[in-house]
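Okay, so here's the structure we're looking at.
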Amino acid sequence: MTRPENPAAAALADAARAVAGVLAGQSADAALAAFEGSPRRAVVRAIALGTIRWSLRLLPAVDSLLARPAALGRDVRALLVTAAHQIEYSRNVPQQTVHAAVDAARILRQGHASGLVNAVLRKFVAQREVLLARVDQDPARRAAHPRWLFDALRSAWPAQVEAILAANNAHPPLTVRLNPNRRSIEHYLQDLADAGLSGRRCGSEGGAVAATAIRIEPPVAVAALPGFREGWVSVQDAGAQLAAPLLDAAPGMRVLDACAAPGGKAAHLLERTAQLDLWALDVDPGRLARVGENLARLGLAARLTAADVRAPQTFWDARPFERILVDAPCSGTGVIRRHPDIKLLRRAADLAPLAQAQLEILRAAFRMLAPGGRLLYATCSVLPAENEEVVDKCLAAEPLALARPLEAEQLPSGTLRCRHGVQLLGGGAAETDGFYYACLEKTTSAA
């Protein structure tokens, strides 16, 4: 007779499969896509992302219990670190996690390793305080960050580095952007309460980060949000909701969103300002299709164009834009709490090519800006190499470019002023992800 499947073991096995994919170089989204239709989706996702978040602390402890860690099969190593995460960071009884992991090894068709899994995890349960204390002597491992990123953050933000690391390892909040054309904040907060949900304006007691930002506590599936299908709200971090007001487009303006996918900022621009001639551009046709889907749900429209902003001859009609948003592709080091796999997948060597691409995109977009127009450069990075250093190089290369300070009243408390632009480091009273914003204007003559 076949034994009934242990639900805890099945979830652990699925999470280990996803973790194994990330350890092999897959993004977490890609690794978790296989479980999208599973009834265990939510628990598998929570276990896998938690494991990925803390893997750089847990893997050295687990590996120290193995005679030859490099010789261990990928699935078994992933199962060990996934179970170690449940032992250390969940409220589960450790011994029950060990039993579930042994069953999970069989589900993963690694039954030959079940004895090893049992022995290693029992040792981890018994010795974990000593093992982790040894790992924690290295501050980068204690914070579960790669050495290159730990050093870069400490160099750039010595006074704030501990807060950044803590924010990166926190569970991300669910923040939505309300469309005030459909519903007022007060009415929507009541809608949430009527649905048995809790929401509040996002930000400190001293004031909201953005007028449209609401934090849902605890997080729920987006389909459970009142009015989601009707377009009342969209999921968007509070820091990302600053882009539209900072760009300050007016009705009738010609506006370019140069790297538009997945479309949150484009939608916010259209919700905030009527009658925009908005061009939503993205180099990836598949990602551009998501922009169209998001706009359609909200009842909004833009000119969707699959093109590389660095090749304007492929899409531009030579009429300048009065406003341009450049939300540049970047390292994502400001959104690690939402995408912990960044800690495993990004390398220090990625920064120089990213910065070069950012500069090329920024300069190409600036050349399409009308005299007197405004360009907002944005990234979800907290590394100066992708932010003010890129703006510095653009200003040096473009004689008509002028950096314009961003108004303090539009920024949340805790925003740091940079030489050019401002930096949100993530977490803190503002409750945002990490974002950089800088504003450039085109003068009519070289300075």
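The values are calculated or read from the model by the stated rules, or taken from the named source; none is laboratory data. Just so you know, these numbers come straight off a predicted model, no measurement behind them. Glycine gets a Cβ as well: all are built from the backbone with ideal geometry, and neighbour counts include every protein chain shown.
I'd like to know if region 1-16 contains one or more residues that are among the charged types (D, E, K, R), within 20 Å of residue 341 (Cβ to Cβ) and outside any helix (DSSP H, G or I). Taking every residue of region 1-16 in turn, none turns out to be among the charged types (D, E, K, R), within 20 Å of residue 341 (Cβ to Cβ) and outside any helix (DSSP H, G or I). Within region 311-334, restricting attention to residues that are touching a residue at least 12 places away in the same chain (Cβ under 8 Å) and of a type in the set (S, T, N, Q), the residue that is farthest from residue 373 (Cα to Cα) is 333. Scanning region 59-82 for residues that are touching a Pro at 6+ places or on another chain (Cβ under 9 Å) and either exposed (fewer than 14 other Cβ atoms within 10 Å of the Cβ) or touching a residue at least 24 places away in the same chain (Cβ under 8 Å) (or both) yields 62, 77. Just one residue in the set 105, 126 is surrounded by fewer than 15 Cβ atoms within 10 Å (Cβ to Cβ), more than 30 Å from residue 382 (Cα to Cα) and at pLDDT 95 or above; that residue is 126. For region 337-383, taking the residues that are buried (at least 17 other Cβ atoms within 10 Å of the Cβ) and of a type in the set (S, T, N, Q), the one that is farthest from residue 252 (Cα to Cα) is identified as 381.
Rundown of residues vs (1) touching a Ser or Thr at 6+ places or on another chain (Cβ under 8 Å); (2) farther than 30 Å from residue 219 by Cβ; (3) not basic (Lys, Arg), yes/no style:
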residue: 106; (1), (2), (3): yes, yes, no
residue: 119; (1), (2), (3): no, yes, yes
residue: 134; (1), (2), (3): yes, yes, no
residue: 141; (1), (2), (3): no, no, no
residue: 174; (1), (2), (3): no, no, yes
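If I go through region 403-447 residue by residue, how many of them are of a type in the set (S, T, N, Q), closer than 21 Å to residue 168 by Cα and touching a residue at least 60 places away in the same chain (Cβ under 8 Å)? Total satisfying the criteria: 2.
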